[in-house]
Amino acid sequence: MTSRTAIVTGAARGIGASVALRLAREGHAVAVLDLTEEMCAATVDAIRADGGRALAIGADVGDEAAVAAAFDVIEQQLGAPTILVNNAGIIRDNLLFKMATADWDAVMNVHLRGAFLVSRAAQAHMTRAGFGRIVNMSSSSALGNRGQANYAAAKAGIQGFTKTLAIELGRFGITVNSIGPGWIQTEMTAATAERIGVPFEEMLTQWAGQIPVGRVGQPEDIAHAVSFFVSEQAGFVSGQVLYVAGGPLD
Ligand code: NAD
């Protein structure tokens, strides 16, 4: 397999950290990007301990100047990026009548503006290389989820963004796909449990009971799907949304 430079956003923890580790294990040099360089240290250390190559990059994906600066450093230190996983995300859940405008904007800013800014910067390198793989993290919430009007809209938006980039960039050897995780055990879902006031373990058991394969997902389940989409052999798979949720979703 060709060793490439990969960027994983929101890779300090959770799904992003697992994806970064997996791509490094597959021989890619990985830019571990999160809000601050310090936050990325644990993932970078884990990759290096595993014999891989990684670089910590502190940047807010919604900040255009920070994204441009990050790409300069990544290109200089790891080489031109041709794999991108837009994974950074936040939740600001509330029922519509209680949702603050700031919480709507914050979610749009990270998921949609973030994926846009980072993808636009990445495509310049990918078109030049005649090869690229972009994977955008959507969610089962794109299908609608109580208390998540902002997040569901952003994650549905990610799917339209994915399909459009697939159409525009296909001729340059670039594929663009989206993954919609179901319930995955991370700090994000732990925060949801806390907000609702249910102990996390109890919530995991409840969720597992409703999932056909009988368990909640782990970050590695998503990393495995990312690994497929970024592989060279997946060059004919583009513009797709793959729900990784332990069963079918409507
Ligand atoms: P997480 O909260 O554990 O990790 C998200 C990471 O993104 C954090 O490290 C955070 O610092 C980083 N981040 C947030 N805003 C950022 C910004 N502006 N710039 C750079 N980094 C930023 O969440 P997770 O559960 O690992 O989720 C990862 C992705 O998967 C998110 O896009 C999330 O919406 C999506 N997702 C998660 C689940 C789930 O069940 N956990 C389900 C569906 C989709």
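Worth a mention:
- Take the conditions (1) within 13 Å of the ligand (Cβ to nearest atom); (2) within 24 Å of Arg4 (Cβ to Cβ); (3) open to solvent by 10 Å² or more (accessible area, probe 1.4 Å); Thr192 misses just one of them, which is (2).
- Sub-9 Å Cβ pairs linking a first residue in region 123-152 that is of a type in the set (D, E, K, R) to a second residue that is within 11 Å of the ligand (Cβ to nearest atom) and open to solvent by less than 30 Å² (accessible area, probe 1.4 Å), at least 6 apart or interchain, are Arg133/Val85, ordered by first then second residue.
- Residue identified as within 13 Å of the ligand (Cβ to nearest atom), under 19 Å from the mean Cα position of the chain (by Cα) and in the same structural domain as Ala122 (by TED's automatic domain parsing) among Ala54, Ala31, Ala24: Ala31
- Any hit, region 201-213, residues being farther than 18 Å from Asn86 by Cα, out of contact with any His (no Cβ under 6 Å at 6 or more places or on another chain) and acidic (Asp, Glu): yes
- Checked against the criterion of being over 20 Å from Ser119 (Cα atoms) and out of contact with any Phe, Trp or Tyr (no Cβ under 8 Å at 6 or more places or on another chain), the candidates Gly217, Gly147, Gly157, Gly235 yield just one match: Gly147.
- Residue in region 65-78 that is open to solvent by 20 Å² or more (accessible area, probe 1.4 Å), within 12 Å of the ligand (Cβ to nearest atom) and touching a residue at least 12 places away in the same chain (Cβ under 8 Å) present: no
- Hits in region 85-131 (condition: closer than 14 Å to Thr162 by Cα, away from the ligand (no atom under 15 Å from the Cβ) and not basic (Lys, Arg)): Gln123
The values are calculated or read from the model by the stated rules, or taken from the named source; none is laboratory data. This one's a predicted model, so the numbers in the text were calculated from it and none came from an experiment. Note that each Cβ is placed from the backbone with ideal geometry, even for glycine, and that neighbours are counted across all protein chains shown. Keep in mind that these areas ignore ligands, DNA and RNA; they rest on the heavy atoms of the full protein, side chains included. Shrake-Rupley method; radii C 1.70, N 1.55, O 1.52, S 1.80 Å.
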